[in-house]
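First the structure, in the form of structure tokens, and then the observations on it.
The values are calculated or read from the model by the stated rules, or taken from the named source; none is laboratory data. Since this is a predicted model, take the numbers as computed values, not measurements. Cβ placement follows ideal geometry from the backbone for every residue including glycine, while neighbour counts extend to all protein chains displayed. Side chains are part of the model used for accessible areas, which takes the heavy atoms of the whole protein and leaves out ligands, DNA and RNA. Shrake-Rupley method; radii C 1.70, N 1.55, O 1.52, S 1.80 Å.
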Amino acid sequence: MAEAASENIPKFLSLTPFFSELSHESLLRLSNNVSEETFIKNETIFKKGDTGDSMYVITHGKVKVHEKGHIYDTLKSNDCFGEYALIDNDTRSASVTALENTKVLKIEREQFFDLMKNDSGFAQGILAVMIKRHRELDTIQERLASSKLEIEVANSKLSGLIDGAMDAIIMFSNDFKILLTNPSANKLLENEDVLQRNILFFFDDDSANLIEGIVREENNSKSINKYLPNIVKVIGSKDTETLNEGTISKYGEGSKTFYTLILRNIEERLIAEDKINLLTKQTEYLTEEIQELTNSYGIIAEDKSMKNALNLIQQVAKTDATVLIHGETGTGKELVARAIHKESNRNDKPLIRINCGAIPANLIESELFGHEKGAFTGATASRKGRFLLADKGTIFLDEIGEMPLELQPKLLRIIQEGEFDPVGSSETIKVDVRIIAATHRNLFEFSKEGKFREDLYYRLNVFPIEIPALRDRGNDICLIAEEMIKQFSKKLNKPIAELSDNDKALLISYPWPGNVRELQNLIERAVIVSKKGNINWQTIIPNNLGKDERAIEPVQEKILTSKELVALEKKNILKALKQTKWKISGENGAAEILQLPPTTLASRIKALGIERPV
């Protein structure tokens, strides 16, 4: 009914003994699940033997509980009846008839069970009332001597409700002696004989102090009903430790003061929260990784040496073998690592990257393996290491040659046994991680000089992949440059003209000491300074000759014009064609000698007007 949600109904229900232990929030929810009915004088509300599925609370008027002419009780405003129909399927044990015009609030069994299930405060309050009734059975028996059997049945039902609860229910006195437990409590405490034992003995020091402090603080209060502010640790008789949340309530006064503690094990929830936290950290890390990526060019390769590297990637990707990628700085070792991970069976798991040379030596251990709170100065919170983030996935250890010697045994242990200990922790963590390492150093020479563990080198060098320098990849320089120009042109919204033959010759002639990374930076700068879609590569590509060299070589070589470069290219192509007897493609063809794709060579032959002599 619409008015049930008003403040009047909760206030009225709070004065009903059956709901006296409920919080205001629980009473509001209950109010939304009641309906109002009206009965005239002498109208029967229900008869003995009727099927019961609801209880009633009198708001106005008066009723009698009777069997034929025998009246068991007379009830008035704030009294309730029929409540046992909420917890059993038995028929009504007596009849109820209105003695005058009467209004009642009706609560259905289904709504009651929903509240018991979904509102822990509601369940705790009802249980507290039922337990109180359980303790007052003697008084009830004096008042209802003729209904002794009915009370015993009700007591059995209430005990069954308490005993069947999944939460641990513990009643104790004001001197902390346990008076009543349910099976769930006995299981939690790992003891079937806990009555009259001190409840504080089953908690760790912090939790025992918390419970004791609440009891002492609320000593002068007539009643309490509150959530425990902190998680409490229960230590069973078999030394099993569990983490629990709970509520505590109080009723009675003086020597007849009793407390009810309801505890719920939250171990599984904490594990789930920890997993969510780990996944959140992985998501944050991967977001950072995506932001750090400077291109999406992939691996462009026409050169034979780079194609061999791609072939090795395909061979090793589907295995879990450890890979050691070697190549000069800027050759794209990380790109190769990403390609291996993408083609592997772990591609649905994270690829975690760490540059061993970019992290201070005193922090890299924590970065790799994680640490516990307080493990060292500044460790104000626990942290998951990169190896744990990479569990079931792949970790890429860039610049592995820079890893401190003292950490190398810990890495060797992970490779051999798949386990490690976080900094400041005695707990051993098992992980399943595929390791890809990269370096521009000669690790073999390093191991001979004592700068790198020899056993670790051999463990990492299971499947070596050599990445050729950019200067050794021939026309790949131009192919990569063209792709980069497209990307930066789109990014900066500056259309750029295609590379001319002269531009390509300049790019190929430069030695590229910084490899692909230098090429990328140079092209980005070139696109930025371009004018009307044109780039003056003469001013962009660094001069190979230093000042000292020019001083020693006063006579400079002749600078070729564009026409002379074209003539030189034509002469070079003719030389290759004559050597191969005009065989363009295939093994030992002119395209292979010139390290050009056959289609590119054919286009150049046509553009230069080269014709085979008759």
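At-a-glance table
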{"item": "DSSP-loop GluC sites (Glu not before Pro) across segment 1-99, with at most 14 other Cβ within 10 angstrom", "result": "7, 43"}
{"item": "Residue 352 long-range amide H proximity, modeled H, under 5 Å", "result": "394, 395, 396"}
{"item": "In degrees, nearest ten, helix 515-529 long axis to first principal axis of the chain (Cα)", "result": "90 degrees"}
{"item": "Counted charge near residue 79, where neighbours are those whose Cβ lies closer than 10 Å (Asp, Glu -1; Lys, Arg +1)", "result": "+1"}
{"item": "Solvent-accessible area of residue 529 with every protein chain in place, 1.4 Å probe, in Å² to the nearest 10", "result": "80 Å²"}
{"item": "Highest to lowest packing among 393-406, 173-186, scored as the average C-beta count within 10 Å", "result": "393-406, 173-186"}
{"item": "The chain, accessible surface, carbon-and-sulfur percent (1.4 angstrom probe)", "result": "49 percent"}
{"item": "Ordering of 349-358, 270-279 by packing [mean C-beta count within 10 Å, highest first]", "result": "349-358, 270-279"}
{"item": "For the chain, size of Cβ-based charge dipole, Lys and Arg +1, Asp and Glu -1, in debye", "result": "2560 debye"}
{"item": "Karplus (6.51, -1.76, 1.60) ³J(HN,Hα), θ = phi - 60°, over segment 238-247, in Hz, Gly and Pro reported as x", "result": "9, 6, 6, 9, 9, 9, 9, 10, x, 10"}
{"item": "Mean accessible surface per residue for the chain, computed with a 1.4 Å probe while every protein chain stays in place, in Å²", "result": "55 Å²"}
{"item": "Karplus-derived 3J(HN,Hα), 6.51/-1.76/1.60, for each residue of segment 459-470, Hz, glycine and proline x", "result": "5, 7, 8, 4, 9, x, 10, 9, 9, x, 5, 4"}
{"item": "Amide H contacts of residue 465 (H built 1.01 Å from N, under 5 Å, at least 5 apart or other chain)", "result": "324, 325, 326"}
{"item": "Loop GluC sites (Glu not before Pro), segment 575-614, which have at most 15 other Cβ atoms in a 10 Å radius of their Cβ (DSSP)", "result": "587, 611"}
{"item": "Cβ-based charge dipole, the chain, positive-most Cα from 361, 509, 263", "result": "509"}
{"item": "In sequence order, calculated HN-Hα J values of segment 395-409 (Karplus, 6.51, -1.76, 1.60; Hz; x Gly/Pro)", "result": "10, 10, 9, 7, 6, 4, x, 8, 5, x, 4, 5, 8, 4, x"}
{"item": "Per DSSP, loop trypsin sites (Lys or Arg not before Pro) in segment 194-250 with at most 15 further Cβ within 10 Å", "result": "222, 238"}
{"item": "Hydrodynamic radius of the chain per Kirkwood, over alpha carbon pairs, in Å", "result": "32.7 Å"}
{"item": "Packing-based ranking, highest mean first, of 480-487, 576-583 given that Cβ atoms within 10 Å are counted", "result": "480-487, 576-583"}
{"item": "Residues with amide H under 5 Å from that of residue 174, placed H, sequence gap 5 or more", "result": "257"}
